[in-house]
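Encoded as structure tokens, the structure appears first; notes follow it.
The values are calculated or read from the model by the stated rules, or taken from the named source; none is laboratory data. Here the structure is a predicted model, which means the values were calculated and not measured. We place every Cβ from the backbone using ideal geometry, glycine too, and count neighbours over all the protein chains shown. Ligands, DNA and RNA are stripped out before the accessible areas are found, and what is left, the full protein with its side chains, is counted by its heavy atoms. Shrake-Rupley method; radii C 1.70, N 1.55, O 1.52, S 1.80 Å.
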Amino acid sequence: MTKLPNFLIIGAAKGGTTSLYEYFNQHPEIYMSPVKEPRFFALENEKLDFQNPDQAINQTSITTLPEYLKLFNGVSSEIAIGEASPLYMYSSKAVDRIAHYIPEAKLIAILRNPVDRAYSCYKHLIALEPYSFVEALEAEDDRIKRNWAHLWHYRQGGYYYTQLQRYFEKFDRRQIKIYLFDDLIKHPLSITRNAFEFLGIDPTFVPDLEHKNVSNNPKVKFLQNIVNGKSKIRTFSKKIFPKAVRASVAEQIRGWNSKSFPPMSEDIRQELTKAYRLDIQQLEQLIERDLSHWLQ
């Protein structure tokens, strides 16, 4: 019998979804889509653009139900079946398609300070981005009109209340779990175990928490792939070196291999914080969390 996911990590972009995907993928009672971001519910029946460099994400996007179902052919006895597409939270189309196909699904979102998230997206795309951060923010409205991919929507992608309200209107609150990026960074095990409990699986399982998905503008991409666990060398090293040693070496490599980014200017930080203020205050009420530290 063909399976559909019973849970989704819906966003936000650059908020820790890749790390959570990696942690979930280790749990024996979870089946994660082998394609991390199929984006099906946001792009069903869409005609995708593969030519423009800003549309590189479309190489892994899936737009038809038969192709999407193939992602879950490997499901056997797993209890929780899921995938992680940060576009879902941002897409106005995704919420209706999710409600149509999997109305009982559990939904997980991780929220990062929207100002920091905007700059992180900019850093993630720096190899393709011809503008300074200020210039890119000024160009954003025009890019949106020209249908540039969502990661380029640096400012617009941070209006979480507007995005999440759609889900709270369509789904029972008990189906939605919201985490903060800061909490995931500080307490990855407790957050991950809480998510396991939310998904109805063994919450005592301890995943390898070494994986970190960081937009660090690497000097040598090969080294970044090793420390992020995307290399056979990393797999081999686990058989030889203790976890503490691997973690220490990985952090040293990340530090050496990172080209430094200038910090965001205080003027731009204040401007963006002011722009997000009302949305953040509404979000506090929606998710019942104190977000005052985002406004400082």
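The requirement of being within 27 Å of TYR154 (Cβ to Cβ) and out of contact with any Asp or Glu (no Cβ under 9 Å at 6 or more places or on another chain) is fulfilled somewhere in segment 19-32, by at least one residue. Among the residues examined, TYR160 does not qualify as touching a strand residue (DSSP E or B) at 6+ places or on another chain (Cβ under 9 Å) and open to solvent by 10 Å² or more (accessible area, probe 1.4 Å). Taking residues in segment 97-121 that are free of Cβ contacts under 8 Å to residues at least 60 places away in the same chain, and partners anywhere that are outside any loop (DSSP other than H, G, I, E, B), the pairs with Cβ atoms closer than 7 Å and at least 6 places apart or on different chains are ARG97/PHE41. Pairing residues of segment 274-287 that are assigned to a helix (DSSP H, G or I) with residues that are open to solvent by 10 Å² or more (accessible area, probe 1.4 Å) and of a type in the set (S, T, N, Q), at Cβ distances under 7 Å and at least 6 apart in sequence or on separate chains, gives ASP279/THR162; LEU286/GLN165.
Consider GLU22 carefully, then state whether it is farther than 28 Å from ASN113 by Cβ and not hydrophobic (A, V, I, L, M, F, W, C). Here the answer is no, as GLU22 does not meet what is asked.
When you check GLU169 against the structure, is it over 19 Å from the mean Cα position of the chain (by Cα), open to solvent by 30 Å² or more (accessible area, probe 1.4 Å) and more than 29 Å from MET264 (Cα to Cα), yes or no? Yes; evaluated as a whole, the condition is true for this residue.
Taking residues in segment 75-95 that are under 18 Å from ASP202 (Cα atoms), and partners anywhere that are assigned to a helix (DSSP H, G or I) and open to solvent by less than 10 Å² (accessible area, probe 1.4 Å), the pairs with Cβ atoms closer than 8 Å and at least 6 places apart or on different chains are ALA80/PHE24; GLY82/PHE24. May I ask you to list pairs of residues, at least six apart or on different chains, whose Cβ atoms are under 9 Å apart, with the first in segment 130-145 being within 12 Å of ILE268 (Cα to Cα) and the second being open to solvent by 20 Å² or more (accessible area, probe 1.4 Å) and small (Gly, Ala, Ser)? Pairs found: PHE133/SER265; VAL134/SER265. Take the residues in segment 49-68 that are part of a loop (DSSP other than H, G, I, E, B) and open to solvent by less than 40 Å² (accessible area, probe 1.4 Å); name whichever of them is modelled with the lowest pLDDT. Once the filter is applied, the top-ranked residue is SER61.
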